[in-house]
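Structure, as structure tokens:
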Amino acid sequence: MLIPMAANDCWSLGLRVGSANRRRRFRVLTVVDDCTRGCLGLVAGSRSSLRVARELDRIIGERGKPTMIVSDNGSEFTSDAILQWADRTKVYWHYIASGADPGFRLSGIADPVPQQSSESGVAPRALSRCR
């Protein structure tokens, strides 16, 4: 996979699980521009693939279209609705292993769920080559 060199080269999508007062669990769709490390969207609530497609359309309306999207192969991202969305918008979708982190720790974006960190106790960061 190529290193993003400009904004909108690659976005990472993921669903994160959080909890309120350790009782109520909720899921949040996170969308990050891998080059700028900017958070493009945090969407709590429904996690259906139709909702994911609607949110991507909304973000594209504000920022423009990415060249590629990276996500795990969870059901929200492999459904017919998402495959049709990717075909309609001509956005290349790259799948990584299920449960793998699509880049959020590397992007420096705060993660609602603690992830395994490096030996130093600090999550690794990617070097930004974005101009």
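Any read-out appearing in this document is the output of simple, stated calculations on the displayed coordinates, not a laboratory observation. A quick note: this is a predicted structure, and the numbers were derived from the prediction, not measured. No Cβ is skipped: glycine too gets one built from the backbone with ideal geometry, and neighbour counts run over all protein chains shown.
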Members of the stretch 69-93 that are on the phi < 0 side of the Ramachandran plot, in a loop (DSSP other than H, G, I, E, B) and of a type outside the set (A, V, I, L, M): Asn73, Gly74, Ser79
Filter the stretch 6-28 down to the residues that are in a loop (DSSP other than H, G, I, E, B) and surrounded by fewer than 13 Cβ atoms within 10 Å (Cβ to Cβ) and list them by number. Asn21, Arg22, Arg23
Name the pairs: first residue in the stretch 58-77 and closer than 13 Å to Leu13 by Cα, second residue β-branched (Val, Ile, Thr) and in a helix (DSSP H, G or I), Cβ to Cβ under 6 Å, at least 6 apart or on different chains? Glu76/Val52
Scan the stretch 29-40 and tell me whether some residue there is in a helix (DSSP H, G or I) and either within 13 Å of the chain's Cα centre (by Cα) or of a type outside the set (Lys, Arg) (or both). no
Just to be sure before I move on: is Ala7 within 15 Å of Ile60 (Cβ to Cβ) and touching a strand residue (DSSP E or B) at 6+ places or on another chain (Cβ under 8 Å) in the structure I sent? yes
